[in-house]
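Below is one structure; the comments refer to it alone.
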Amino acid sequence: GDYPTATHTHGDPHCDPNGTQSDGNGGTYPTDAIPGYNVPAGNWFAAQFQQLVTDAYPPVS
């Protein structure tokens, strides 16, 4: 999905590669979003698809 920017204030902050998330106990951790891909929600996202295939378990052959 897309993330908020200076010109695009709505969006999912969990998709911001520079953002953080809360663990619910006061700690934070990175979003691990892929930088450089502010893809609007619902649009095809080839880089994410490739990452999912690479990380699939059991492996996709």
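Is there any pair linking a residue in region 7-33 that is closer than 23 Å to residue 48 by Cβ and open to solvent by 70 Å² or more (accessible area, probe 1.4 Å) to one that is assigned to a loop (DSSP other than H, G, I, E, B) and acidic (Asp, Glu), with Cβ under 9 Å and at least six apart or on different chains, and which?
These pairs meet every condition: 10/2; 29/23.
So, residue 47, is that one among the small types (Gly, Ala, Ser) and in contact with a Phe, Trp or Tyr (Cβ under 6 Å, 6 or more places away or on another chain) or not? I'd like the intermediate steps shown before the answer.
Details: among the small types (Gly, Ala, Ser): yes; in contact with a Phe, Trp or Tyr (Cβ under 6 Å, 6 or more places away or on another chain): yes.
Answer is yes for this residue.
The values are calculated or read from the model by the stated rules, or taken from the named source; none is laboratory data. Everything numeric in this text was worked out from a predicted model, so none of it was measured. Cβ atoms come from the backbone with ideal geometry, glycine included; neighbour counts cover every protein chain shown. The area values use the complete protein model at the heavy-atom level, side chains included, leaving out ligands, DNA and RNA. Shrake-Rupley method; radii C 1.70, N 1.55, O 1.52, S 1.80 Å.
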